[in-house]
Structure formats: structure tokens, C-alpha cells
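The values are calculated or read from the model by the stated rules, or taken from the named source; none is laboratory data. None of the values given here were measured: they were computed from a predicted structure. Every residue, glycine among them, receives a Cβ derived from its backbone with ideal geometry; neighbour counts consider all protein chains shown. The protein model used for the area step is the full one, side chains on, heavy atoms only, and it has no ligands, DNA or RNA in it. Shrake-Rupley method; radii C 1.70, N 1.55, O 1.52, S 1.80 Å.
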Amino acid sequence: MTSGATRSESLIVPGTSLERLASGATWSEGPLWMPHERAVRWSDIPGDRILRWDAATGSVSVHRDGVEFTNGRTLDPDGSVVQCSHGRRRLEREAPDGSLTEIVGMWGEHRLNSPNDVAVAPDGSYWFTDPDYGIVQPDEGHPGVREYGDCRVFRWSARDGLTPVIDDIDRPNGIAFSPNGRTVYVTDTAASLGDGPGHWIRAYDVEGAEASGGRHFASIETGVPDGIAVDVDGRVWSSAGDGIHVFSPDGHEVLVVPVPEVVANVCFGGDDGTDLFITATTSLYRLRTSTTGAGF
């Protein structure tokens, strides 16, 4: 049992504990399980590098450096990684051969702020958050201005191009879809820099290319809900200042797992999708769960 876990401990594999897999980063973010490599790829944003943990050997290596402050990422069916670049102010794709191409970096005549996190919708489009952290925090990008004057959630597809889908969040950050794709969850982390009250997760109904019915889903009282992941039963696993908080589909907290560092993001992975990988300040952790990530 993970030390200190509270409520619904059945979500954690009995007899297991939180494992630190790697350390030495400055601010760990954007974890992604790479099934073909059996590895986790994640960002050390201030270190301007992408790190890699190998499940077979337990070794940690630098996948790439000088990466222009990449953050959240997701996987394409062909094995390409779609990732958010603070420094390049764009959504980009890294192909399996390592080549980088821009997906989108402009909305009309204006550059994006600093794309932060991305998720794939059921129709194959990319939904991503675009706060301004990469242009206001010197160690997460380059100084700049909000060229379109706001922070929004965008949808991009090859057919439709780029369109804003959510505009009522001060600092949209983490993003994830429910298992059936009919709900999208977005975190608001405005309270972290005192730019607004947001320390919560909002939920929206998804119909095709549109989001509507924005509503409060859950709040994090210690720190903010940065990155989130959803399991196969629709529970939302959220980062926080004191660990991992898990919420049922109706927004009730069902589990708290303490983590000794401030948590930035989470993802499900492992061979059967039951391992929760946690990026927290300097480290990468693993938590063995009895559920499975949505989409596995």
C-alpha cells in the first residue's frame, strides 16, 4: 500500500509503494509512455531537454537537448510524438526518425503564446492549451507578448485548421478527454502566479469540433491541478502540490496519494496501461494501479 494514501485504496495495487525511477531534473513535465520503446519520455523544461527512462534496464538518458522548452506531448498512431513547444510557440511533431516539423504556430496573423499540453480527440484532431507561461517565465521559454491578447484552448485538424474551442479559462494548462470522448477536462492554474483565482479543473461537453457547457468539476486546495489523466472508468487523476488527487466522474474526490515533491503531470503507461507515471519537480515516479488508462 502506498504510504499515506487515503480512500479508495483499492485503486492502488496492494503491497506496492510509490517508486522514484529517476531524479536530477529542474522541473519535470509532460510524461508520455512510448509503447514501442517500452520507455517514458518527459521534459525537464528549464533544463531545455527531453529525458528518457527505459523500462527494460531502468536507465535514464537524454533523448534530446536544446529542444526549445518542450512541455506536454501525446502519441500519434504512426509512432510520432506530437508535442508542445514553449520556445517555438507552436505545436510540433517529432517523427520516429527524429525529424521535427511544425503542425501549427499561428492563429491568423498572430503567433500562439506557448502551447502547454495536448490531447487527441475521438475524431483525431488535436486539442491543446495555450497559456503564456513560456513568454512570461524566463526559465520556460523566451520573453514575448500575447499576440492575440488572450489564453485559449485550440483545436487543430488537417481539414479544419486551427480554431479556438474554449476561452473562459484564465490559464488553461492540462487537458484530457473522458473515455467516450464526450467530455474534455481542462485545468486552470492561474492561481500559481497570482494571475487569477484558478486552482481547479473544468469540464466541457464535446460535440464534434465544439466544446460547450463549461462547468466546475473539482478544485485542488494544495497547489494547482497542472497535468491530468483519465482512467478507463472515467476517473480523473490530477497533479497537485501535495501529490495525486483522484476524482470520480461526478467530481468527488476518491483518493489522495502523497508525493514528496510538487507534482506537475501524470500519464498512464506500462505494458498493460496500469502504471501511473508521475513527473514531480526533480523526479519521475511510478505508481502501480489496479485500473487502466483510457485508451489502452
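Mean residue ellipticity, 222 nm, helices only, the chain: the sum of -39500 (n - 2.57) across DSSP H runs of n ≥ 4, divided by residue count and rounded to 500, is 0 deg cm²/dmol.
Considering only protein heavy atoms and a 1.4 Å probe, what is the carbon-and-sulfur percentage of the accessible area of segment 193-258?
49
Taking the three principal axes of the alpha carbon atoms in segment 170-247, the coordinate ranges are 34, 24, 15 Å, sorted in descending order. Within the chain, what is the longest stretch that has no GluC sites (Glu not before Pro) placed in a DSSP loop and near at most 13 other beta-carbon atoms within 10 Å? Between exposed loop sites, the widest span is 110-220. At a probe radius of 1.4 angstrom, the accessible area of the chain per residue rounds to 39 square angstrom. Rg/Rh, computed from the Cα trace of segment 139-292 with Rh as the Kirkwood radius, has the value 0.97. May I ask for the distance between the Cα centers of segment 180-229 and segment 236-252, given as a whole number of Å? Comparing the Cα centres of segment 180-229 and segment 236-252, I get a distance of 12 Å.
The length gained by stretching the chain between residue 233 and residue 271 to full extension, at 0.36 nm per residue less their Cα-Cα distance, is 11.8 nm. Note on segment 117-188: Rg/Rh from Cα positions, Kirkwood definition for Rh, rounded to two decimals, is 1.00.
Computed over the alpha carbons of segment 44-85, Rg followed by Dmax gives 11.3, 29 Å.
How high is the relative contact order of segment 87-144, in percent, counting Cα pairs under 8 Å that sit 6 or more residues apart?
26
Dividing the radius of gyration of the alpha carbons in the chain by their Kirkwood radius gives 0.93 for Rg/Rh. Summing Cβ point charges (Lys, Arg +1; Asp, Glu -1) relative to the Cα centre of segment 157-270 gives a dipole of roughly 200 debye. Once C-alpha pairs closer than 8 Å and six or more residues apart are averaged by separation and normalised to the residue number of segment 152-201, the relative contact order reads 25 percent.
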